[in-house]
Amino acid sequence: MANHPKRVLVFGGTGTAGQGAVRGLLRAGHDVTCFVRGPASALPDEAIKQVGSLSTEDLQATLDATPFDAVVSCLASRSGSPKDAWDIDHDAHQRILAAAKSVGVRQFILLSAICVQRPKLEFQRAKLAFEDSLIASA
């Protein structure tokens, strides 16, 4: 992505890994918008903040409003509970992917977790299930 600056929509940009991804994208010269669910003081001033819920309507409105070249997701469930894992690590990602595809976003980069290679916990299964969907999405 660094050869040609892109408009990038980042999910999970306020987390530890997400903050690093946002800083790296900005250093590489990309225009970065961070979709956040609440206060985002941890984000650099150069990043545009888009506040919303992970509902289909809010996601679609954000992606309809601005032509993004790529989506980067560092989004992860906060608690790791089975319900939260499936709601965020799988279902929210499915909604993000569907909205991105509907407007022609051609690149979706997912930060997953190495531990999904041998899933034992529900959050690992949820992440792995979305990885399968992402791979199949072309």
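The values are calculated or read from the model by the stated rules, or taken from the named source; none is laboratory data. All values reported here derive from a predicted model rather than from experimental measurement. Cβ placement follows ideal geometry from the backbone for every residue including glycine, while neighbour counts extend to all protein chains displayed.
Can you tell me which residue in segment 80-134 is surrounded by the most Cβ atoms within 10 Å (Cβ to Cβ), limited to those that are part of a loop (DSSP other than H, G, I, E, B) and β-branched (Val, Ile, Thr)?
Taking segment 80-134 as the starting set, the residues that turn out to be part of a loop (DSSP other than H, G, I, E, B) are 80-81, 103-106, 111-113, 118-121.
Okay, now just the ones that are also β-branched (Val, Ile, Thr), so 103, 105.
On the way: VAL103: 14, VAL105: 20.
The extreme case among them is VAL105.
Residue check, ASP132 against (1) at pLDDT 95 or above; (2) more than 19 Å from ALA17 (Cα to Cα), all met but one. Which one?
(1)
List every residue pair whose Cβ atoms sit under 7 Å apart, with the two residues 6 or more apart in sequence or on different chains, where the first one lies in segment 112-124 and is within 18 Å of GLY15 (Cα to Cα) and the second, anywhere, is surrounded by 13 or more Cβ atoms within 10 Å (Cβ to Cβ) and charged (D, E, K, R).
SER112/LYS127; SER112/GLU131; ALA113/LYS127; PHE123/ASP89
If you check VAL10 against the conditions, is it of a type outside the set (Asp, Glu) and closer than 19 Å to ALA92 by Cβ?
Numbers: of a type outside the set (Asp, Glu): yes; closer than 19 Å to ALA92 by Cβ: yes.
Yes.
Hey, could you check segment 16-57 for residues that are at pLDDT below 95 and of a type in the set (D, E, K, R) and say which is nearest to the chain's Cα centre (by Cα)?
The extreme case among them is ARG37.
Of the numbered conditions (1) over 24 Å from HIS4 (Cβ atoms); (2) hydrophobic (A, V, I, L, M, F, W, C); (3) touching a helix residue (DSSP H, G or I) at 6+ places or on another chain (Cβ under 6 Å), ALA99 satisfies every one except a single condition; which is it?
(1)
Under 13 Å from the mean Cα position of the chain (by Cα), part of a helix (DSSP H, G or I) and touching a residue at least 40 places away in the same chain (Cβ under 8 Å): is that true of ALA76 in this structure?
Working: under 13 Å from the mean Cα position of the chain (by Cα): yes; part of a helix (DSSP H, G or I): no; touching a residue at least 40 places away in the same chain (Cβ under 8 Å): yes.
Answer is no for this residue.
I need every pair where a residue in segment 12-35 that is under 13 Å from VAL71 (Cβ atoms) has its Cβ under 7 Å from the Cβ of a residue that is among the charged types (D, E, K, R) and surrounded by fewer than 17 Cβ atoms within 10 Å (Cβ to Cβ), sequence separation at least 6 or different chains.
Listed pairs, sorted by first residue: CYS34/LYS49.
Given (1) surrounded by 15 or more Cβ atoms within 10 Å (Cβ to Cβ); (2) of a type outside the set (Lys, Arg); (3) more than 22 Å from PRO67 (Cβ to Cβ), where does LEU43 come up short, assuming only one miss?
Every condition holds for LEU43 apart from (3).
Kindly provide the set of residues from segment 1-11 that are assigned to a loop (DSSP other than H, G, I, E, B) and modelled with pLDDT of 95 or more, ordered by number.
Start the filter on segment 1-11 by keeping residues that are assigned to a loop (DSSP other than H, G, I, E, B), which leaves 1-6.
Within segment 1-11, just LYS6 meets the criteria.
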